[in-house]
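Working notes, beginning with the structure itself.
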Amino acid sequence: MSLSLLVTLFLLIAIALVGYMAFLFWSNPERGLAETTHRIEKLPYVLADRYTAFAVMGIGMLAFGDYPIITVYFLAGAIMGLADGMIYARAGHPHMKHTASGVLSALAMIVTAVAWATTSTGV
């Protein structure tokens, strides 16, 4: 088995696992918490490591990234910000920081996609 194939298999497994967990949380949050063994009282710490992980990915993209993967990074930010904004808005809570984050990430995604489409070089 080549290393390239092995990396692809690891990525497919990660996509399947993370996708499954996302499905659980979207469809039945209580089951998602139980299945992943997350605890409500620990969620602020979980969010801290998630934000740290996204910052590390951003640093990695500055160092090694190219426009396609940076476009996807900003797409993920847009999904998170807009989804969080919608969740909080529907519940009647302040949401503008989340919504603005999603809108700005979408704008950054569009700018990055245009840069990708109009240049042959990376960042």
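The values are calculated or read from the model by the stated rules, or taken from the named source; none is laboratory data. Bear in mind the structure is a predicted one, so any value in this text is a computation, not a measurement. All Cβ positions, glycine included, derive from the backbone under ideal geometry; neighbour counts span all protein chains shown.
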When residues of segment 44-68 are filtered for being over 23 Å from V111 (Cα atoms), surrounded by 10 or more Cβ atoms within 10 Å (Cβ to Cβ) and of a type in the set (D, E), how many remain? 0
Note on D84: of the conditions (1) surrounded by 15 or more Cβ atoms within 10 Å (Cβ to Cβ); (2) under 19 Å from V111 (Cα atoms), unmet is (2)
When you scan segment 81-90, do you find a residue that is over 19 Å from F25 (Cβ atoms) and part of a helix (DSSP H, G or I), even just one? no
Can we say T99 is among the β-branched types (V, I, T) and touching a Leu at 6+ places or on another chain (Cβ under 7 Å)? yes
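Per-residue answers, yes or no, for (1) closer than 27 Å to H38 by Cα; (2) not hydrophobic (A, V, I, L, M, F, W, C):
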position	(1), (2)
D49	yes, yes
D66	no, yes
A83	yes, no
A91	yes, no
M109	no, no
T118	no, yes
So I110, is it at negative phi, surrounded by 10 or more Cβ atoms within 10 Å (Cβ to Cβ) and in contact with a helix residue (DSSP H, G or I) (Cβ under 8 Å, 6 or more places away or on another chain): no
Determine, yes or no, whether M61 is over 17 Å from W26 (Cβ atoms), in contact (Cβ under 8 Å) with a residue 12 or more places away in the chain and outside the structural domain of W26 (by TED's automatic domain parsing). yes
